[in-house]
Structure formats: C-alpha cells, structure tokens
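**Q** Below is one structure. I have some questions about it.
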Amino acid sequence: MTDAPAGHAAGVPAGVPWSTGVVRGADGVVRVAGADVHTLAAEHGTPAYVLDEADLRARARAFREAFEAACAQVGTGADVYYAGKALLTRAVARWVHEEGLRVDTASGGELAVALAGGVPGADIGLHGNNKSDAELHAALDAGVGRIIVDSLVEVDRLADLVAARRAAGTPTDAAPVMVRLTTGVHAGGHEFIATAHEDQKFGLSLAAGPAGGDSPAVTALLRVLERPELRLLGLHSHIGSQILDPAGFAAAAEKVLALRAALAARTGVLVDEVDLGGGYGIAYLPGEVALDPDRAAKEVVHAVADACRALGTPLPRLSVEPGRAIVGPAGLTLYTVGTVKPVRLDDGRVRTYVSVDGGMSDNIRPALYGARYHAELVGRASDAAPVLARVVGKHCESGDVVVHEVQLPGDVRAGDLLAVAATGAYGRSMASSYNLLPRPPVVAVRAGASRVLVRRETVADLLALDVGDA
Ligand SMILES: *Cc1c(COP(=O)(O)O)cnc(C)c1O
C-alpha cells in the first residue's frame, strides 16, 4: 500500500484491496484519508470500522456515471440503487443519495435508517421474501418508490393491505411494484451457471409450470395486473454476489427481456423498468481485480440493447443495485494485536496465530463463507522476515478466523495495530455481539479528520437490553 497504484486517480483502484485514501507514510505508519492509525485508535479505540468517505462517494459516483453514460448511448436512462444491506447508517444513506443514488432496503429497520438519513421515500426500494404487514405499511406510509414482490401470496397480501388502508380512511396510492424473477442464472466469481428450476427461496421462476402451464413469474405478473391496488413498474433479477464477469448479468437480462416481450404480447402491457440487481465483485486480496463499473455497464447495456432489438421491443429504463462494490473497499477494520502464538504443523511448518481484539462478531464472512481477506501491520514499519500467519479473533470458537493466511512481519507482537482490508460491506451489517463483545463503532474519515457515525456498543447497552426477570 506504499505507493498509490495506477487507477487510484480514477477513483476505482484495480488490484488493491485498500481504499484510495490508504497510504503508508515514510515513517511506516498508515494513514486513512490523512488520519494516522495511531490517532484513530487513540480517539476511537479498537476494534473499529473505518470508512474512507471520499472513496465511498467516488465509487457511488463511478457506478452512477458508468450506467448513466452507457444507457444514454442507447437512448435510455439508468438508476443506481445502493444496496443498503451491505452497510446502512444515516450518514452512508445521505452520502450515496447526495451522489445521485437511490437506496434499496430489505427490512423495516433498513427502511427506517434510510429515511432517517434523509432519503425521500420515492427514492427507496423495499425487498424481502417475507415482508411483514408492519414493513409493508411502513413502506406505504413512506411512499417508497417500489416494492419488489417476491411471491404470489405477497401480490395479494400487498393489494389487500392497500384496499384495507383505503377502507380505513388512509388515502393510499396504488403500490408501485416490481416482480422479482428467478432466471436460473447464478453468478459469482468468474463463472455463471444456468438452470431451469431453482431450489432457493427468492423470486418467481421463469420455468413453465406443470404440463407447460404458465410459469410462477407469469402467474404473479397477471395477478398484479388484475389488482387495481397495484401499479406494475417492472421486472427484477438478482443473480448473485462477488461477480467478476458481466456475462452472467447479460444472460439474465436476456431472459428478463424475453419475458417482458412475452407479457406485452399477451396483455399489451410493456413494463417500463428492468432491474438487474447487484453483485459487482471487488478486490479482497492484493492482485485481485474488481469488476470495473464502466466495463460492466457497457457490456450489460450492450446486451440489453441487443436483446431488445432482437425482440423488437423498445429499451426499458435500467436499474442496478451495487452494495459491496460501493462500501466494501471504502472500509477497513482496525484491530489491536494481543496474544501471538506459534503453532507447529504436522508438515513441520510453523503457523503464527495472531489474535486480535475482535473476530467473528465483527466479521462473520470468513467463518460463514470461507471468505478471504488481507491484513497488514499498519502502526509501524518492520524489517523482520515475514512469517506465515493466521489472524484470529477472541471468541470461544476455533472457527473464529479473520484472515486464514497472510504473511506478517516475524516481529508481530502485542500492541501492534493491524488492519484488515475491504471490510466495509457485510462487516458491521452482519455483526453480532457473540460472547457479549460490544459491537465496534463505525468511524468516518475525511481530509484527516475522523468522526463517529455509529458509536461503539457498550456493556451498558447489552445490559439495557437484558431486562432480567424481576
Ligand atoms: C444483496 C443484494 C444486492 C447487493 O449485492 P452486492 O453483492 O452487495 O452488490 C442487491 N440486490 C439484491 C436484491 C440483493 O439481495
């Protein structure tokens, strides 16, 4: 991380898991957007999630500009929704909205935070395969721009709820809905696979029903059109995460557009919008190359334009929902090293277990998915020969691993500051207080100054939730 690698100037670095503001000074100490890690640790404690605000904003802008430009080329428009589940705080919601993005939410809690961040309801989407009545009411109260329905029963539930609100004297517009499809296309990494019938909980299948009858997707779409309490905006597809090759998006888009044309032929209704979901991949390890938003936008929009031309239908407005690609690389986790323990392996090698003051409670992804991360000592330079290290947490689980394998200086010792790169997405948002470790704060850094966005949880917070049985 010593030199700002090529690409940093463009705001979307390639092959580097750190945010653009992360630079190691001549003194060996790393700065994040101008704030040195010793100061950050002294002011905020460790562990702490540290967000590089300018980097996050630049990534949000890069996505919006890439999709707007690619869509403008073919004569349509684009909307970028930030997938809030990756990390949602009031400030993050405000930042991405200021950069021209809208916000996707997946629960009443996410919806409330997006609204509290100042995002207008009209710029918010609500997802979920099992939305509660309370969540649907909250979405209607807020006037959300779209509700992505995920099942046939939800179509009727939502329409009935609108009718019930009207009957109770609450003026309620027809609910704007998109229908979430399962296209059979799954992607992640460099490959995608396509199947007909999907064995998963999300969406409505495009595969024909028994004896060649209507697919669940068509059945739900016809039902939406039958219900005057609903307004059909468009079709939605989300094919996976950490996708590095846009071919999967193009394959899914073709299926969605074919359904759009078939629905128009059958009902005369050509829906205006197609959402191709999120999943844009990032670099977690040095040398990995993120999916470039410009390349992704060009290829996806090209595929959409080709498919529409072949189908003889006008282009829809397009939307996409990146989460990880906007916030992941903008964040790092700052830890303090504690116990360092060499462990001799059967093959004679020694693995140095480096314990930090957090672990699977602040980053569950390695334990949950075998996710790989990169770590460096950030508080000092070291000339010591590197050793094979494993960064582990302080939880009562042997699977409590933060970084499976990384070379660290052989003199790594208690008190060192260690940073794990690219933890901005799905770190804090998936955090738990396992072992009753209070969850770390989210700290933002801009132009050398830091401030708390979400404060550190305290033992008093934990005790306040536990009301006892008196
Ligand atoms: C998770 C999710 C996203 C965001 O995925 P990323 O991998 O963070 O880009 C977008 N849309 C939907 C429907 C999702 O479930």
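No lab work stands behind these numbers, since they all come straight from the coordinates. All of these numbers come straight from a predicted model, not from anything done at the bench. Using ideal geometry, Cβ is built from the backbone for each residue, glycine included, and neighbour counts are taken over all protein chains shown.
**Q** Stokes-Einstein at 4 °C, 1.567 mPa s, Kirkwood radius from Cα pairs: D for region 77-327 in µm² s⁻¹?
**A** 70
**Q** Provide the packing ranking of 125-132, 262-269, i.e. peptides ordered by the mean count of other C-beta atoms within 10 Å per residue, highest first.
**A** 125-132, 262-269
**Q** Per DSSP helix of 4 or more residues, -39500 (n - 2.57); summed, then divided by the residues of the chain. What does that give at 222 nm, rounded to the nearest 500?
**A** When only DSSP H runs of four or more count, the value is -9000 deg cm²/dmol.
**Q** What's the ranking of 449-462, 96-109 by average number of surrounding C-beta atoms within 10 Å, highest first?
**A** In decreasing order of mean packing, 449-462, 96-109 become 96-109, 449-462.
**Q** Any chance you could check the Cα centroid distance between region 397-451 and region 91-130 for me, in angstrom?
**A** Region 397-451 and region 91-130 have Cα centres spaced 26 Å from each other.
**Q** I would also like to ask the following. In whole Hz, what ³J(HN,Hα) sequence does region 260-267 give by Karplus (6.51, -1.76, 1.60; θ = phi - 60°), x for Gly and Pro?
**A** Ordered by residue, 3J(HN,Hα) equals 4, 5, 5, 5, 5, 5, 7, 10 Hz.
**Q** Right, next: Sorted by average packing, counted as other Cβ atoms within 10 angstrom per residue and highest first, what order do 65-76, 178-189 take?
**A** Result, highest mean first: 178-189, 65-76.
**Q** If amide H atoms are built 1.01 Å from N in the plane of the peptide, which residues on other chains or at least 5 residues away come under 5 Å of the amide H of G125?
**A** V103, D104, T105
**Q** Could you give me the ³J(HN,Hα) list for region 213-227, computed from phi with Karplus coefficients 6.51, -1.76, 1.60 and θ = phi - 60°, whole Hz, x at Gly and Pro?
**A** Working through the residues one at a time gives x, 4, 5, x, 5, 5, 4, 5, 5, 4, 5, 4, 5, 6, 9 Hz.
**Q** Could you tell me the center-to-center distance, by alpha carbons, between region 295-370 and region 211-227 in angstrom?
**A** 35
**Q** Something else about it: Which length gain, in nm to one decimal place, applies between A194 and A460 when the Cα-Cα distance is subtracted from 0.36 nm times their residue separation?
**A** Numbers: separation 266, 0.36 × 266 = 95.76 nm, distance 4.98 nm.
Gain on extension, A194 to A460, equals 90.8 nm.
**Q** Of all beta bridges DSSP finds with both residues in region 77-327, what is the antiparallel percent, to the nearest 5? Write down the numbers at each step before the final one.
**A** Details: 4 of 36 bridges.
Close to 10 percent.
**Q** Now for a separate question. Would you mind working out the magnitude of the charge dipole of region 77-327 relative to its Cα centre, with +1 at each Lys and Arg C-beta and -1 at each Asp and Glu C-beta, to the nearest 20 Debye?
**A** 360
**Q** So who's got an amide H within less than 5 Å of the one on V185, skipping anything under 5 residues away but keeping other chains? H placed 1.01 Å off N, in plane.
**A** T195
**Q** I would also like to ask the following. Using the Karplus equation 6.51 cos²θ - 1.76 cosθ + 1.60 (θ = phi - 60°), what ³J(HN,Hα) coupling, rounded to whole Hz, does each residue of region 308-320 give in order, writing x for Gly and Pro?
**A** 5, 4, 5, 7, x, 10, x, 5, x, 6, 10, 9, 9
**Q** Then there's this: Considering only DSSP beta bridges whose two residues both sit in the chain, what percent are antiparallel, to the nearest 5?
**A** For the chain, the DSSP antiparallel bridge percentage is about 50.
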